[in-house]
1. Is there a residue in the stretch 36-44 that is in contact with a Cys (Cβ under 7 Å, 6 or more places away or on another chain), under 24 Å from residue 198 (Cβ atoms) and buried (at least 19 other Cβ atoms within 10 Å of the Cβ)?
2. Can you name the condition, by its number, that residue 84 falls short on among (1) in contact (Cβ under 8 Å) with a residue 24 or more places away in the chain; (2) in contact with a helix residue (DSSP H, G or I) (Cβ under 6 Å, 6 or more places away or on another chain); (3) closer than 22 Å to residue 195 by Cβ?
3. List the pairs whose first member sits in the stretch 309-321 and is closer than 13 Å to residue 299 by Cα, whose second member is of a type in the set (Phe, Trp, Tyr) and assigned to a loop (DSSP other than H, G, I, E, B), and whose Cβ atoms are under 7 Å apart, counting only residues at least 6 apart or on separate chains?
4. How many residues, within the stretch 204-217, are part of a loop (DSSP other than H, G, I, E, B) and either touching a Phe, Trp or Tyr at 6+ places or on another chain (Cβ under 9 Å) or buried (at least 16 other Cβ atoms within 10 Å of the Cβ) (or both)?
5. In the set 104, 84, which member is among the β-branched types (Val, Ile, Thr), farther than 22 Å from residue 177 by Cβ and modelled with pLDDT of 95 or more?
6. If you go through the stretch 143-156, how many residues are surrounded by 13 or more Cβ atoms within 10 Å (Cβ to Cβ) and either more than 18 Å from residue 172 (Cβ to Cβ) or at pLDDT below 90 (or both)?
7. With the condition being in contact (Cβ under 8 Å) with a residue 60 or more places away in the chain and of a type outside the set (Ser, Thr, Tyr), I'd like the helices (runs of 4 or more DSSP H) fully within the stretch 223-306 carrying at least 1 qualifying residues.
Amino acid sequence: MPADFPNKPRVALLVLQESTPTALFGLLEVFLSVGTTWEDLTGEPSLVGQMDPRIVARTTEPVQSPVGVDIVPQDVLLPADVVIVTDLALNQSFNPVGRWRDEIAWIKEQHDNGAIICSVCTGALFLAEAGLLDGVTVTTHWSAKPFFERHYPGINLATNRIMSASGDQDKLITCGGASSWEDLGLYLVARLSGTQEAVRMAKIFLFGDKSEGQLPFAGARKAHRHDDAVISDVQSWIALNYDREHVVSEMVIHSGLSERTFSRRFRAATGYSSIEYVQTLRIEEAKQALITEDRAVDDIAYDVGYTDPTHFRRLFKRLAGTTPSRYRQRYRRIGRLSSPDS
C-alpha cells in the first residue's frame, strides 16, 4: 500500500475561531469512509487500512463558527501524521499577525516531526503566520491574495492552481477555494491508501464532473447474500471465466440444472439475471483496466469478453453512463493526484 506512514494514519483537522464547518466535516466523513464504506455499498472489500481522523482544537470546548454552527472538537491538540487547516472566514480588516500562538507552536512541532501539513482555501494564512510557507510555492483562494501581499509579501503565490505540493517530500500541501477540500481529500487518500481507494471515495461522494449524472460514479449493485450452494459454485466459476464467448450457456451446463430452473434460482439468489450478472462483471473489470492500464479500449474490450468494440462501447455507456474514454479520463486524474502541480 502506498503510504507515508506504516500504521493507521492520524489526521488532525484543526479548529480555529475563524474556521467554517463544511470542509472540516466533509473531510472527516471522507477519511472515516476509507476501508469501510465501499464494501458496505457494493460488497467488494477495499483491502486497505482505515484512517484515524480527529477534529482537534486547543481545548475541547465548543467553538462557535462564523456561520453560527457550533463545532465540537473531539480532542485537544495531539500528535498527528497529517494536519489540515481548513478555510477561515475573514473580513477585509482581518489581521492574522500575532494570532493562534498555541496552535502555531503545536503545528510547527508536528511539522518538525515529519507530519504532512495541509491548508484549504484561506487556511493558508495560518500556515503563513506559522512561518511554514517561506521559500515554497503556495496556493489559496483568490480573495486572500491581498492579505498575503499586506502581511506576507515574500511568499510565492500561485493562485491559478487548485493544489500545490511543496517542501521536503511534498509535505506542505496548499489548496485553492473552499471546495478544493474535495481535491485534498482525494489526494490524501491516494497518497496514504492508494489510487484505487481514492477512486472509490470519488464514486461514493460524487466528487468531480456531474454533468453526465450519477452512473459514471456508480459501482456494481451488491449481489444478494444467499445459501444456494449450486449458484455459489457458478459464481466462483464465472469469476474466472467471465471472458468466455458463450459464458451464459456454459453457466447453465456448469450448474447441472435445466435452463429454466437455473435462470429462476440464479435471479432468486443474486438479484441479477445471468446475462446482467456477466455484463456487470465484465464492465466492472473493464472499468478497473481503463483506470490502471494504458492499453487501447478495444484491447480491454476483447480481454473482458467482447469481440465487437462497438457493442462494448454501447453497453459500457448504458451501464456506466459515459464512454470508456471519458471514464478513463475522469478517474485517471485521481491517479495523477500524487503530482498536484502538474
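The values are calculated or read from the model by the stated rules, or taken from the named source; none is laboratory data. Being a predicted model, the structure only gives us computed values, none of them experimental. Note: ideal-geometry Cβ built from the backbone for every residue, glycine included; neighbour counts use all protein chains shown.
1. No.
2. Residue 84 satisfies every listed condition except (2).
3. 312/306
4. 5
5. Result of the check over 104, 84: 104.
6. Residues meeting the conditions: 3.
7. In the stretch 223-306, 274-292, 297-303 are the helices (runs of 4 or more DSSP H) which contain 1 or more residues that are in contact (Cβ under 8 Å) with a residue 60 or more places away in the chain and of a type outside the set (Ser, Thr, Tyr).
Conditions tested, residue by residue: (1) farther than 21 Å from residue 28 by Cα; (2) part of a loop (DSSP other than H, G, I, E, B); (3) β-branched (Val, Ile, Thr).
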residue: 94; (1), (2), (3): yes, yes, no
residue: 102; (1), (2), (3): yes, no, no
residue: 108; (1), (2), (3): yes, no, no
residue: 122; (1), (2), (3): no, no, yes
residue: 134; (1), (2), (3): yes, yes, no
residue: 146; (1), (2), (3): yes, no, no
residue: 153; (1), (2), (3): yes, yes, no
residue: 174; (1), (2), (3): no, no, yes
